[in-house]
Amino acid sequence: VLLVDDRRVATGYDGEPTSGPAGYTVDGVDLSVTDAQLQLLEPIYFADDFMRAGGQDGDWQKVAGQWQQTGAAAQKFDPSRSANPFCYRSTDRAPSVATTGYWFWHNYLVEAAVRGDGQGVIGLQAYHVDDRNYLALKWQPLDPQTGEGRLQLLQCVDGQTRVLTEAGSGYLPHQWYRVGLLVTDEGLWAFVD
């Protein structure tokens, strides 16, 4: 049910909304709808264990870079020593981004198990509208020479990137981490392990 000024103006009858267009009608001269979007009010929950045949991306869209579905054999480790030997990975040296969900999801936590090879940054994005508008957690590898690295929270608006905050901590190459990015009305938080 859609309420405007405590007045019911629309009612949806599907128990489970599916993708595709939604039809509506407008009653009354003083009411119009412009650029309507469907925003589900249930808590957002999406999970993926990447357990499917190679070459199948599932619900993921490749935005930049080369991505592939891989299993234990391709990753050269013993599957009996892993809770989940399947992953979705990029081996591209250029920036790589894969997304799922909708850019207008609001108040949510995105978490992933990530592992970098030490040659580039790893991270997560939220509110990904396009490659010029998003929030991100960006994590650089630990430099073996200086012992330095950076974990940053970024905001990119119209292609202009701004560092919101950062910490002097890099990731260790080939080490698995659980990273998270929490976005709420009150702020943006990053979590590592």
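Laboratory data are not the source of any read-out in this text; all were calculated from the coordinates shown. Because the structure is predicted, anything quoted here is derived from the model rather than measured. Note that we place each Cβ from the backbone using ideal geometry, even for glycine, and neighbour counts take in every protein chain shown.
Brief remarks on what is shown
- Two-site FRET efficiency, V1 against A112, from Cβ-Cβ distance with R₀ of 25 Å, rounded to 0.05: 0.10
- M51/D130 FRET efficiency (R0 25 Å; Cβ-Cβ; nearest 0.05): 0.25
- Computed extension length for K62-V192: 44.3 nm, one decimal, from 0.36 nm per residue of separation with the Cα-Cα distance subtracted.
- Based on alpha-carbon atoms, the Kirkwood radius and the radius of gyration of the range 133-190 give Rg/Rh equal to 1.02.
- Rg/Rh for the range 103-170 stands at 1.01; both radii use Cα atoms, and Rh follows the Kirkwood definition.
- FRET E, pair Q145, D35, Förster distance 41 Å, beta-carbon r, rounded to 0.05: 0.20
- Amide H within-cut-off set for A10, under 5 Å, with H built and near neighbours excluded: L2
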